[in-house]
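Participant: For reference, the structure I am asking about is given below.
The values are calculated or read from the model by the stated rules, or taken from the named source; none is laboratory data. These numbers were taken from a predicted model, which means no experiment stands behind them. Glycine also receives a Cβ, built like all others from the backbone with ideal geometry; neighbour counts cover every protein chain displayed.
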Amino acid sequence: MRVRDLLFATRNRHKLAEIRGLLADLPIRIVTPDDLELAADPAEDEVERWDSFEANALAKAAWFRARTGLPTLSDDSGLCVEALGGEPGVRSRRFAPDSELGRNGRDAANNRHLLEWLRGRPDAERGAHYRCALALIDDRFQVVTSGRCDGRIVHEARGSGGFGYDPLFVPRGFERTFGELPPETKAAASHRAAAVRAARPWLTPVVQADGAESS
């Protein structure tokens, strides 16, 4: 079967690694805007301006699809903390103010900011879940799938694996954070893995669009 190019609309190397691993069994070559030498455009930051993961993922997929013509997959994901009314939610990537970034980067600043907001909260009030929406646009259809992973926020960062809020998030049924768990465990249990599983029936016609042929 011909290997087809699928654009994954991200410049986040961590998300790219997870998606490539989750779709490694399909005859798809996942490319990124950087692979295509598509220069970063300030307008990209304005695409994800909606108040739902699904709307943001779809808007980003449409934006990159229009610029490349390729079948496009896009992710919008984040952490929702129950005690904070679902925050940071769609603001997860830019939760901490720029003034708090420091030399360790945005992930570390976001984690510190979240811990400060939850300071003094007991374990019973630290419930949270990760959400992921995946949008897929081809020349025949567009679809959005979603995935969720429930868990809780610990009192201090643990582990150096994963990215984002992973060192603070313990998925339900585990005692270690995503930052401590092996990558293959996260790949099976994560919100992104659930969204990819839901998207697989829609990826099949993308793979087969040019028909089967020997390689």
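Participant: On the given criteria, is ARG200 at pLDDT below 95, in a helix (DSSP H, G or I), among the charged types (D, E, K, R) and out of contact with any Gly (no Cβ under 6 Å at 6 or more places or on another chain)? Steps first, answer last, please.
Facilitator: On the way: at pLDDT below 95: yes; in a helix (DSSP H, G or I): yes; among the charged types (D, E, K, R): yes; out of contact with any Gly (no Cβ under 6 Å at 6 or more places or on another chain): yes.
For ARG200, the condition - at pLDDT below 95, in a helix (DSSP H, G or I), among the charged types (D, E, K, R) and out of contact with any Gly (no Cβ under 6 Å at 6 or more places or on another chain) - is met.
Participant: Within region 175-205, work out how many residues are of a type in the set (Gly, Ala, Ser) and touching a strand residue (DSSP E or B) at 6+ places or on another chain (Cβ under 6 Å).
Facilitator: 6
Participant: If you don't mind, there's one more thing I want to ask. Among the residues of region 3-16, are any exposed (fewer than 13 other Cβ atoms within 10 Å of the Cβ) and modelled with pLDDT of 95 or more?
Facilitator: No: region 3-16 contains no residue that is exposed (fewer than 13 other Cβ atoms within 10 Å of the Cβ) and modelled with pLDDT of 95 or more.
Participant: Quick one: would you say ARG106 is under 21 Å from the mean Cα position of the chain (by Cα), assigned to a helix (DSSP H, G or I), crowded, with 16+ Cβ neighbours inside 10 Å and in contact (Cβ under 8 Å) with a residue 40 or more places away in the chain?
Facilitator: Criteria not met by ARG106.
Every residue, every condition in (1) assigned to a loop (DSSP other than H, G, I, E, B); (2) on the phi < 0 side of the Ramachandran plot; (3) touching a helix residue (DSSP H, G or I) at 6+ places or on another chain (Cβ under 9 Å); (4) buried (at least 18 other Cβ atoms within 10 Å of the Cβ), yes or no:
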{"site": "GLY147", "(1), (2), (3), (4)": "no, yes, yes, yes"}
{"site": "GLY161", "(1), (2), (3), (4)": "yes, yes, yes, no"}
{"site": "VAL170", "(1), (2), (3), (4)": "no, yes, no, yes"}
{"site": "GLU175", "(1), (2), (3), (4)": "yes, yes, no, no"}
{"site": "LEU181", "(1), (2), (3), (4)": "yes, yes, yes, yes"}
{"site": "GLU184", "(1), (2), (3), (4)": "no, yes, yes, no"}
{"site": "ALA188", "(1), (2), (3), (4)": "no, yes, no, no"}
{"site": "VAL196", "(1), (2), (3), (4)": "no, yes, yes, yes"}
{"site": "THR204", "(1), (2), (3), (4)": "no, yes, no, no"}
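Participant: With GLU54, GLU44, GLU87, GLU48 as the choices, which residue is surrounded by 15 or more Cβ atoms within 10 Å (Cβ to Cβ) and under 16 Å from THR145 (Cα atoms)? Before you say what the answer is, go through the steps one by one.
Facilitator: Working: GLU44 fails: under 16 Å from THR145 (Cα atoms); GLU87 fails: under 16 Å from THR145 (Cα atoms); GLU48 fails: under 16 Å from THR145 (Cα atoms).
Going through GLU54, GLU44, GLU87, GLU48 in turn, just one is surrounded by 15 or more Cβ atoms within 10 Å (Cβ to Cβ) and under 16 Å from THR145 (Cα atoms): GLU54.
Participant: I need a count of the residues in region 129-153 that are within 16 Å of the chain's Cα centre (by Cα) and more than 25 Å from GLY69 (Cβ to Cβ). Lay out the reasoning, then the answer.
Facilitator: Taking region 129-153 as the starting set, the residues that turn out to be within 16 Å of the chain's Cα centre (by Cα) are 129-136, 144-150.
Narrowing further to those that are more than 25 Å from GLY69 (Cβ to Cβ): 129-132, 146-150.
Total meeting the criteria: 9.
Participant: Which of the residues that make up region 126-148 are in contact (Cβ under 8 Å) with a residue 60 or more places away in the chain, more than 12 Å from CYS80 (Cβ to Cβ) and charged (D, E, K, R)?
Facilitator: ASP138, ASP139, ARG140
Participant: Of the residues that make up region 69-79, is at least one assigned to a helix (DSSP H, G or I) and touching a residue at least 24 places away in the same chain (Cβ under 8 Å)?
Facilitator: The answer is no; no qualifying residue exists.
Participant: Moving to a separate point now. Residue by residue through region 149-159, note down the ones that are surrounded by fewer than 18 Cβ atoms within 10 Å (Cβ to Cβ) and either at pLDDT below 95 or charged (D, E, K, R) (or both).
Facilitator: ASP150, GLU156, ARG158
Participant: Do you know which residues across region 109-122 are farther than 12 Å from GLU156 by Cα, free of Cβ contacts under 8 Å to residues at least 24 places away in the same chain and either in a helix (DSSP H, G or I) or among the basic types (Lys, Arg) (or both)?
Facilitator: If the condition is that a residue be farther than 12 Å from GLU156 by Cα, free of Cβ contacts under 8 Å to residues at least 24 places away in the same chain and either in a helix (DSSP H, G or I) or among the basic types (Lys, Arg) (or both), then ALA109 is the only one that fits.
Participant: Considering region 20-38 alone, what residues qualify as being without any contact (Cβ under 8 Å) to a residue 60 or more places away in the chain and in a loop (DSSP other than H, G, I, E, B)? Working first, answer last.
Facilitator: As a first pass, look at region 20-38 and keep what is without any contact (Cβ under 8 Å) to a residue 60 or more places away in the chain: 20, 24-25, 29-38.
Within region 20-38, ALA24, ASP25, THR32, PRO33, ASP34, ASP35, LEU36, GLU37, LEU38 meet the criteria.
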